[in-house]
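See structure below.
Throughout, read-outs are computed from the coordinates displayed, never taken from laboratory work. Bear in mind the structure is a predicted one, so any value in this text is a computation, not a measurement. Cβ atoms come from the backbone with ideal geometry, glycine included; neighbour counts cover every protein chain shown.
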Amino acid sequence: MNAPDRPTDARATHSDPPLLFSPMRLRSLTARNRVVVSPMCQYASTEGGPTDFHLVHLGQFALGGAAIVFSEETAIEERGRKTWHCAGIYDDRHIPAYRRLTEFLSAHGAIAAIQIGHSGRKGAISPPWQRYRPLSPEDALAGEPPWPIVSSSALPDSPQAQTPHSLSTREIETLIGHWREAAQRALQAGYRILEVHSAHGYLLHQFLSPIANQRRDGYGGDLAGRMRLTLEVIEAVRAVWPDELPLFLRVSAVDGSNGRWTMDDTVALARAAYERGVDVVTTSSGGIHGPGTAAPVARVPGYHVPYAERVRCEVPGLHTLAVGLITEPAHAEEILQRGQADLIGLARELLWNPHWPAHAAQALGAPDHLDLLPRGYGWWLARREDIRRVTAQAAAQPASAAATPGDTASDGG
Ligand SMILES: Cc1cc2nc3c(=O)[nH]c(=O)nc-3n(C[C@H](O)[C@H](O)[C@H](O)COP(=O)(O)O)c2cc1C
């Protein structure tokens, strides 16, 4: 299946309006700007399904003006969750609750996106605030027992972790079917962008990296063997994900410390993924050793941008999404203007300020920045801006010449 050409607008060189607030075409979809809410696990699901918390949590980002709002990593099978409270889409009964989320996001101008994944040997653990500790008999007494986990090889994630079962080729076939079914459920639930999670040391990354994958069959060994499962998953989901809808892939561009998955490998994977219909690659990093939050590259602003740039340069036609400590509007705009990425992902900054897109649009001088917010916010905030402008002018003028704020703007109704 051919991926569509990259739209030329992604290469625009003029800066009016800012590229960050220019629409972007992705297959049949038009993102209203380039701000993407990066997937963020919340450990707040009930039996895999989303709750009212997710509606409010994700909904706030749509109200804040983001173009694409990702639901967190969502497990394609029950044992592929990390914790008992991780999200899943492994049962048809999950569909209605996800549909409620997607309808809200779409009604507020955002594209509903979902990342699907499988924890593999990083499953059966506790949440981050309990340091991802492997579940134990004490957890079982509290009703949350460990469950058997799987991986490419029978190698534990850490000395304390459970040893995973090494998947047989027949089990891999079944597993690919679960990826396909999860994609179908996501579509039925109203998602319009699907991302395959192949990063952060989770199951697909456990096949990619020789650190975790010591198989001697066709799913291990050389680069082609280690990439095989990720590529077969892409083919399986692309076969059921409509042609007119975009498919994203998240990779760890490099492994964790002492990693053996390199940037050259990432470029090869991105090229093969593009040939199979992936539209956007998100370049993250790390996770093959220890927690997904372990830092293989220095955490400076835009720490993953060079990876996104290299993939974008070396795989013409493929879009990239840059994520990782991008917090300043001017920085986000510069990444786009320099052609280092096509989309900008934010995670923690949006937890701090869910209205970041509207604030960034104002900072970059985008026209109608308040239109990114609901009308019931924007109309009032426009009045408030008038009042503040008049007040500032009054403060700058001699007392006799100044108008009072009430002359030009109302602040209630
Ligand atoms: C609370 C939280 C949960 C996260 N969960 C996921 C996840 O489900 N899938 C994923 O690929 N990355 C996940 N990440 C990584 C983010 O998507 C993002 O790549 C990373 O935080 C760097 O971006 P930032 O500096 O803007 O936070 C998570 C990050 C945070 C802070």
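Comparing P246, P50, P96 in a Gaussian network model of the chain (Cα springs below 10 Å), the most mobile by mean-square fluctuation is P96. Counting beta carbons within 10 Å around each of V311, V281 and listing the fewest first gives the order V311, V281. Summing +1 for each Lys or Arg and -1 for each Asp or Glu among the other residues whose beta-carbon sits under 14 angstrom from that of G123 gives 0.
The simple spin-label model puts a point 7 Å past each Cα toward its Cβ; for R25 and E385 those points are separated by 2.9 nm.
Taking Cα centre as origin and charging only the Cβ of basic (Lys, Arg, +1) and acidic (Asp, Glu, -1) residues, the dipole magnitude of the chain rounds to 320 debye.
Report, in degrees rounded to the nearest 10, the 0 to 90 angle that the Cα long axis of helix 263-275 makes with the longest principal axis of the chain. Its long axis makes an angle of about 80 degrees. Taking the longest Cα principal axis of the chain as reference, the axis of helix 223-240 is set at about 60 degrees.
Over all pairs of different C-alpha atoms, region 239-367 has a mean inverse distance whose reciprocal, the Kirkwood radius, equals 15.5 Å. Note that the chain shows a convex hull volume over its alpha carbon atoms of 153 Å³ per residue.
Sort 366-378, 260-272 for me by packing, meaning the mean count of neighbouring Cβ atoms within 10 Å per residue, highest on top.
The densest-packed peptide leads the list: 260-272, 366-378.
3J(HN,Hα) couplings calculated from phi for region 317-330 with the Karplus curve 6.51 cos²θ - 1.76 cosθ + 1.60 (θ = phi - 60°) are, in sequence order, x, 7, 7, 10, 10, 9, 9, x, 6, 9, 10, 9, x, 5 Hz; Gly and Pro show x.
Take R226, R100, R250 and order them by how many other Cβ atoms sit within 10 Å, fewest up front. Before the final figure, lay out each step's value.
On the way: R226 24, R100 15, R250 27.
If I rank by nearby Cβ atoms, fewest first, I get R100, R226, R250.
Ranked by Cβ crowding within 10 angstrom, fewest neighbours first, how are S45, S119 ordered? List each step's numbers first, then the result.
On the way: S45 24, S119 28.
So the ranking, lowest neighbour count to highest, is S45, S119.
With each run of n ≥ 4 DSSP H residues scored as -39500 (n - 2.57), what mean residue ellipticity at 222 nm is computed for the chain after dividing by its residue count and rounding to the nearest 500 deg cm²/dmol? All intermediate terms of the calculation are to be shown ahead of the outcome.
Working: 12 runs with 141 residues, N = 413.
Computed mean residue ellipticity for the chain: -10500 deg cm²/dmol.
With contacts defined as alpha carbon pairs under 8 Å and 6 or more residues apart, what's the relative contact order of the chain in percent? Let's see the in-between values first.
Numbers: 890 pairs, mean separation 66.7, N = 413.
Worked out over the chain, it gives 16 percent.
Alpha-carbon geometry of region 79-175: the Rg and the Dmax are 16.3, 48 Å, given in that order.
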